[in-house]
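In what follows, a structure is listed as structure tokens, so that the remarks can point back to it.
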Amino acid sequence: MKNTFGNNISITLFGESHGTAIGAVVDGLPAGIKVNEEFIAHQLDLRRPVEKISTPRQEADKFNIVSGVFNDKTTGTPVCIVIPNENTHSKDYSKTYGKARPGHADYTAFCKYNGCEDYRGGGHFSGRITAGLVAAGAIAIDLLSEKGIKIGTHISKCAGVEDTAFSDLEKDIITLSDKMFAVLCNDKCELMIKNIEKAAEAG
């Protein structure tokens with residue numbers, strides 16, 4: 001699998017969980033597209049870990065757009081978004097070096113990179129890398145919404161609990177747009193979270 005995907009517009013993900021920074025390069029965007037940094041920051045806030053059901057690692061995700069944007073609009077050159085890593089405890093991973101942890105891509109990374117991979121925190125295969133995707137995706141969401149295209153997702157089923165199905169698409173997408181835990185029904189949301197916490201307590 002390459003780290004670059006897409007044709008007319010491509011995204012390249014870079015960085016490792018415990019490296020200096022992570023981010024994304026978006027290439028192929030035409031010049032003149034408005035880039036709303038407040039919306040990017042909002043989307044990154046929604047990605048942050050939720051209470052006890054996510055990773056305890058907390059990051060500010062203060063991003064910096066280092067190229068491709070001038071006066072809040074794309075220039076037509078690659079847009080490079082850099083997100084510094086701050087809350088890293090790299091020595092925590094020395095005990096697991098060389099071990100394929102369940103639920104991680106340690107073995108995959110070892111095979112792909114011949115043992116030269118940065119194994120700390122999952123390296124390039126860490127969930128941390130998704131921050132770059134979220135930042136790039138925020139630009140796409142904004143662009144599509146200007147064309148009347150709205151995108152929404154929710155957690156349909158989790159821990160044996162089913163969320164309410166989509167009915168009024170536009171209304172439901174607006175409801176989900178500010179939720180940290182993407183579930184339409186608040187009661188089902190609480191049940192899902194409780195079941196996840198029980199699973200965590202059970203190890």
Close pairs (8 angstrom Cβ cut-off, 6 or more residues apart or separate chains): at negative phi in the range 186-203, open to solvent by 100 Å² or more (accessible area, probe 1.4 Å) anywhere: 188/162; 193/51; 197/52; 200/52
Residue tally, condition at pLDDT 90 or above and of a type in the set (D, E, K, R), over the range 119-134: 0
Among residues of the range 9-28, those that are open to solvent by 20 Å² or more (accessible area, probe 1.4 Å), over 12 Å from residue 129 (Cβ atoms), of a type in the set (A, V, I, L, M) and part of a strand (DSSP E or B), counted: 1
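Counting only residues that are within 10 Å of residue 23 (Cβ to Cβ) and open to solvent by less than 40 Å² (accessible area, probe 1.4 Å), how many does the range 64-78 have?
Filtering the range 64-78 for residues within 10 Å of residue 23 (Cβ to Cβ) gives 64-66.
Next cut, open to solvent by less than 40 Å² (accessible area, probe 1.4 Å) only: 65.
Counting residues in the range 64-78 that are within 10 Å of residue 23 (Cβ to Cβ) and open to solvent by less than 40 Å² (accessible area, probe 1.4 Å) gives 1.
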Residues located in the range 29-42, provided they are in contact with a helix residue (DSSP H, G or I) (Cβ under 7 Å, 6 or more places away or on another chain), open to solvent by less than 40 Å² (accessible area, probe 1.4 Å) and assigned to a loop (DSSP other than H, G, I, E, B): 33, 35
Filter pass, residue 147 being modelled with pLDDT under 95 and out of contact with any helix residue (DSSP H, G or I) (no Cβ under 9 Å at 6 or more places or on another chain): yes
Residue match in the range 86-94 (condition: within 18 Å of the chain's Cα centre (by Cα) and modelled with pLDDT of 85 or more): no
Residue in the range 51-60 that is at pLDDT 90 or above, open to solvent by 40 Å² or more (accessible area, probe 1.4 Å) and not basic (Lys, Arg) present: no
For residue 94: the one exception among (1) surrounded by 15 or more Cβ atoms within 10 Å (Cβ to Cβ); (2) on the phi < 0 side of the Ramachandran plot; (3) assigned to a helix (DSSP H, G or I): (1)
Any pair with Cβ under 6 angstrom, 6 or more apart, that starts in the range 111-130 at a residue that is within 17 Å of residue 101 (Cα to Cα) and ends at one that is modelled with pLDDT of 85 or more and assigned to a helix (DSSP H, G or I): 117/109; 123/109; 125/109
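The values are calculated or read from the model by the stated rules, or taken from the named source; none is laboratory data. Treat the numbers as computed from the prediction; the structure is a model and nothing was measured. Here Cβ is always computed from backbone atoms with ideal geometry, including for glycine, and neighbour counts include all displayed protein chains. For the accessible areas, the whole protein counts, side chains as well, though only heavy atoms, and no ligand, DNA or RNA atoms are used. Shrake-Rupley method; radii C 1.70, N 1.55, O 1.52, S 1.80 Å.
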